[in-house]
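Note sheet for the following structure.
What follows draws every value from the coordinates through simple rules; no lab data is involved. Bear in mind the structure is a predicted one, so any value in this text is a computation, not a measurement. Counting neighbours? That spans all protein chains shown, and the Cβs are built from the backbone with ideal geometry, glycine included.
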Amino acid sequence: MKKSKDDVVAIVDALKALYPDGICSLEYKKDYELLFSVRLAAQCTDERVNKVTPALYARFPTLQALAEADVSEVESYIHSTGFFRAKAKDIVLASQILIRDYGGKVPDTMEDLLKLPGVGRKTANLILGDVYHTPGVVVADTHCIRISGLLGLTDGTKDPGKVEQQLRQILPPEESNDFCHRLVLHGRAVCIARRPQCQQCVLRPWCDYFTKNGGESPAKKPKEKKAST
Ligand code: SF4
């Protein structure tokens, strides 16, 4: 069911009231640390990434140190995040490119961000939203894709590019980045994949899934694929 502007604002406000700090759950101090933490979070939890990054950034405290790092040593710090060889290679190479081509700063355009190794639209959007506070940013991660579809904010597509496009058309631009972070929080706490807690959900009044199914869990749906980064 197509959502009215009032419904969208109501959903945005309800999530805002529930999760006032619409922030990324990855911990970072510098722009490039967020970039690399997102890379490490591919096929891994943010919680695990937050456990390994303090030691990594203590051993390599600057971008220059990471650019000069031995890849196998970086691997040893990030081993538990999975796909550690590819991730370590990307981190060292991206550090070299950031120093060589961007004066040591993470670029602020989608075009330049996508040139960095291991960076896809999701990562680029996260940087644009969280580091540069660019309006209209939509980070279509797995929670965002799933819950937007259940609510009826999208047509139910699982394609991250289409979700990005459809949400961008209806969300207030200045709210969209935090909204996506809040959907992640909601997806972990309430609208949990395969066992959503509809009876405790503040979004029930506007949720297409809840309206159509009388609150029955969407648990029986096939397992969704994890979105790319
Ligand atoms: S009502 Fe249920 S399906 Fe809809 S957003 Fe809330 S938990 Fe998810």
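List every residue pair whose Cβ atoms lie under 8 Å apart, where the two residues are 6 or more positions apart in sequence or sit on different chains, the first residue falls within region 162-184 and is without any contact (Cβ under 8 Å) to a residue 24 or more places away in the chain and farther than 17 Å from Ile127 by Cβ, and the second residue, located anywhere, is part of a helix (DSSP H, G or I) and hydroxyl-bearing (Ser, Thr, Tyr).
Gln166/Ser148
Given the structure, is Leu185 over 18 Å from Cys24 (Cα atoms) and within 16 Å of the ligand (Cβ to nearest atom)?
no
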